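So the structure is just underneath, and the comments pick up after that.
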Amino acid sequence: MMGPATDSTDRSSQPLRRLLMQCKGAAGVAFLLTFAIDLLGLTPMLYMMSAYDRVLTSRSGVTLVSLTLVVVGFYVFWSALEWIRARLMVRLSLRIDWELSADVFDASFRRFVARKNVNVHQLLGDLLALRQFLTGPPILALMDAPFALLFILVAGIFHPYLAMFAAVSAVLMVLVSLLTMRWTAPILKEANNANSEASRVAASNLKHAETTMALGMLGAVRNRWYAQHRQFLTHQVQASEAAGLWGGFSGFLQKALPSLQLGLAVYLAMENLITGGMVIVASMLIGKAVAPVQKLMASWKDIVAARQAFERLNDLLLDDDRFGKTPMALPAPQGRVSVKAACAQPPGHTKAVLSDVSFALEPGQVMAIVGPSASGKTSLVKLLLGVWTPASGSVRLDGVEISDWSHDEVGPLVGYVPQEIEFFEGSVADNIARLGQVDADKVVQAAQLAGMHETILQFPKGYDTPMGESGFAPSGGQRQRLAIARALYGLPKYVVMDEPNSNLDEPGEQALMEAIATLKQSGSTVILTTHRPRLIGMVDWMLVLKEGRQVAFDHPKAIMEAIRKFQTPQSVSASDAMPTAPAGVMP
């Protein structure tokens with residue numbers, strides 16, 4: 001039904017094709033139902049021919065009533081088959097959605113995190129388009145197309161000339177359809193891609209709406225969006241003009257062919273080769289023979305769109321190396337961290353931003369990562385969370401490579417405070433509970449550890465206050481403390497914080513220190529990046545980075561002594577004063 005996603009990919013390895021093959025039984029039943037429905041399409045023709053050739057000549061009321069009752073029975077059966085086929089196709093489309101929706105959603109997010117070009121809205125729309133395709137007129141047009149031969153054969157029973165005319169008419173319509181497809185499909189694909197990119201640019205710029213307005217950048221942003229939108233308009237106009245040219249020729253054939261068929265049938269009747277009833281039926285047969293092709297042309301745009309959606313979804317799932325893999329369940333992490341010669345490079349880039357980092361931590365230990373800006377602190381955080389895969393070396397949590405650990409499994413057991421803090425649509429309690437089942441005791445415990453409980457109670461609806469883009473907008477310090485509360489939910493055994501005190505005031509920083517002490521006492525491993533010396537005073541280990549390389553890993557006192565020893569009057573920061581060789585690396 002669909003073309004291959006990639007020429008170089010074995011069809012058996014394509015996830016969508018495998019799923020469709022699993023549904024071939026239901027598709028076969030739908031095809032047989034279509035054959036029966038098209039066969040029943042002969043009913044009105046046979047009724048009309050019998051009425052003209054038998055009832056009118058015999059003037060028998062009994063024959064008319066009997067014939068009418070039989071035809072009504074066929075109509076009931078016909079309608080029942082169409083209803084069954086419709087329900088079957090709905091069930092088939094729902095199965096495809098059930099099987100794919102979660103994988104498409106997850107793969108889209110993984111591709112986005114990997115910094116690959118992805119439009120999540122389009123991919124989820126592709127899934128909807130594929131499901132609608134399987135329940136709408138386009139799929140029925142494809143299934144009806146082979147049965148045009150049925151009506152050509154019936155015309156042949158009346159007279160060979162009628163069959164030849166119907167066959168030539170169908171071939172002409174097929175050729176027009178193929179030429180239309182060949183001419184417009186590539187242009188439509190370019191138009192759809194340009195429209196998708198324009199929508200992505202617009203959605204991305206809306207995230208920075210306040211900055212855009214404040215800095216007077218609306219014109220520049222609009223011009224960038226319109227450059228993509230203009231490409232879409234150009235391709236769409238080209239496709240419409242091409243389709244209009246072939247559509248005009250197709251329209252001429254649709255108007256002329258039935259009349260020509262009727263004229264041929266009248267000529268045959270004049271030669272006493274067919275009956276008068278056959279003349280009327282012959283004019284209907286040409287419509288029946290050409291109708292599937294006409295349906296194909298009318299649905300061609302939707303068919304092309306569905307094929308492109310199929311290819312995009314298939315490519316997405318093929319690119320997602322985790323598709324179809326179910327990692328073995330592992331015990332909950334205890335917080336033992338081991339990093340050996342780790343090298344990091346952003347996804348899609350070839351230049352390393354962090355190299356040769358090695359250290360190890362035991363449960364209950366706290367480590368601070370320090371260094372000047374652009375030294376690689378946040379890149380190391382991404383490695384420690386498994387968001388990035390090491391280009392070389394290893395980052396292990398309890399002996400397991402953390403990038404290979406299922407995030408669905410380990411994520412709820414890990415705490416993380418990012419630099420750029422965003423909240424999801426939902427209440428304060430929902431966000432602290434990470435959109436999972438809200439455990440009120442754990443939510444309050446996390447808020448109290450972050451020093452936010454009393455503040456949350458002052459929110460418009462307390463813990464039920466809506467958050468997200470359209471919800472309550474807390475201050476910068478409140479956002480950071482809410483993010484800390486989210487990270488502390490359930491007292492995870494492994495917590496990573498990226499500049500958790502950058503927006504905190506004195507009480508907030510004191511609450512953060514108390515929370516770290518609580519985590520340490522409970523046996524959790526805590527890793528944080530910071531520029532403030534206050535937090536360094538309570539850590540067990542200190543890792544110093546400079547220009548993407550590890551220059552020191554030791555106890556804070558030893559590093560501070562090294563700073564004083566190597567410090568010069570020009571030195572202004574701990575990282576600038578570090579020796580070029582590591583002070584010590586824990587085995």
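Summary table below
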{"quantity": "One residue from S169, S199 being in contact with a helix residue (DSSP H, G or I) (Cβ under 9 Å, 6 or more places away or on another chain), modelled with pLDDT of 80 or more and part of a helix (DSSP H, G or I)", "calculated": "S169"}
{"quantity": "Residues of segment 408-426 satisfying the condition of being small (G, A, S) and surrounded by 21 or more Cβ atoms within 10 Å (Cβ to Cβ)", "calculated": "G415"}
{"quantity": "The lone exception for T518 - which of (1) polar (S, T, N, Q); (2) part of a loop (DSSP other than H, G, I, E, B); (3) modelled with pLDDT of 90 or more it fails", "calculated": "(2)"}
{"quantity": "Test for A269: is it assigned to a helix (DSSP H, G or I), modelled with pLDDT of 75 or more and surrounded by 15 or more Cβ atoms within 10 Å (Cβ to Cβ)", "calculated": "yes"}
{"quantity": "Sole exception among (1) on the phi > 0 side of the Ramachandran plot; (2) surrounded by 17 or more Cβ atoms within 10 Å (Cβ to Cβ) for M452, by number", "calculated": "(1)"}
{"quantity": "Pairs where the first residue, in segment 463-479, is under 12 Å from A429 (Cα atoms) and the second is assigned to a helix (DSSP H, G or I), C-beta under 7 Å, 6+ apart", "calculated": "Y463/V428; Y463/A429; Y463/V443; Y463/I456; D464/A429; T465/V428; M467/V428; M467/N431"}
{"quantity": "Residue match in segment 51-66 (condition: modelled with pLDDT of 75 or more, exposed (fewer than 11 other Cβ atoms within 10 Å of the Cβ) and assigned to a loop (DSSP other than H, G, I, E, B))", "calculated": "yes"}
{"quantity": "All positions within segment 169-219 that are of a type in the set (D, E, K, R) and within 23 Å of the chain's Cα centre (by Cα)", "calculated": "K189, E190, E197, R200, K207"}
{"quantity": "Hey, A433 out of contact with any Leu (no Cβ under 8 Å at 6 or more places or on another chain) and surrounded by 17 or more Cβ atoms within 10 Å (Cβ to Cβ) or not", "calculated": "yes"}
{"quantity": "In segment 148-175, the residues that are surrounded by 20 or more Cβ atoms within 10 Å (Cβ to Cβ) and under 19 Å from Q254 (Cβ atoms)", "calculated": "A148, F151, I152, A155, L162, F165, A166, S169, A170, M173"}
{"quantity": "Residues (over 18 Å from Q236 (Cα atoms) and free of Cβ contacts under 8 Å to residues at least 40 places away in the same chain) located in segment 168-205", "calculated": "V168, V171, L175, L178, V201, A202, S204, N205"}
{"quantity": "Cross-chain or 6+ apart pairs with Cβ under 8 Å, segment 411-425 first and in contact (Cβ under 8 Å) with a residue 24 or more places away in the chain, then outside any helix (DSSP H, G or I) and loosely packed, with under 14 Cβ neighbours inside 10 Å", "calculated": "P412/G436; L413/A332; F424/L435; E425/E469; E425/S470"}
{"quantity": "Filter pass, L435 being modelled with pLDDT of 90 or more and not assigned by TED's automatic domain parsing to the domain that holds V366", "calculated": "no"}
{"quantity": "Of the criteria (1) modelled with pLDDT under 80; (2) more than 18 Å from A305 (Cα to Cα), which one R91 fails", "calculated": "(1)"}
{"quantity": "Residue ID - nearest to G371 (Cα to Cα), chosen from residues in segment 549-575 that are crowded, with 17+ Cβ neighbours inside 10 Å and at pLDDT below 70", "calculated": "S575"}
{"quantity": "Flag for A485 being buried (at least 23 other Cβ atoms within 10 Å of the Cβ), of a type outside the set (K, R), within 28 Å of Q437 (Cα to Cα) and out of contact with any strand residue (DSSP E or B) (no Cβ under 9 Å at 6 or more places or on another chain)", "calculated": "yes"}
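Okay, residues lined up against (1) part of a helix (DSSP H, G or I); (2) in contact with a Leu (Cβ under 8 Å, 6 or more places away or on another chain); (3) modelled with pLDDT of 80 or more:
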position	(1), (2), (3)
L140	yes, no, yes
L153	yes, no, yes
L162	yes, yes, yes
T180	yes, no, no
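To keep it simple, each residue is scored yes or no on (1) surrounded by 14 or more Cβ atoms within 10 Å (Cβ to Cβ); (2) touching a residue at least 60 places away in the same chain (Cβ under 8 Å); (3) in a helix (DSSP H, G or I); (4) polar (S, T, N, Q).
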position: Q238; (1), (2), (3), (4): yes, no, yes, yes
position: L273; (1), (2), (3), (4): yes, yes, no, no
position: V293; (1), (2), (3), (4): yes, yes, yes, no
position: M297; (1), (2), (3), (4): yes, yes, yes, no
position: A306; (1), (2), (3), (4): yes, yes, yes, no
position: N314; (1), (2), (3), (4): yes, yes, yes, yes
position: L318; (1), (2), (3), (4): yes, yes, yes, no
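The values are calculated or read from the model by the stated rules, or taken from the named source; none is laboratory data. For clarity, every value in this text was computed on a predicted model and none was experimentally measured. Using ideal geometry, Cβ is built from the backbone for each residue, glycine included, and neighbour counts are taken over all protein chains shown.
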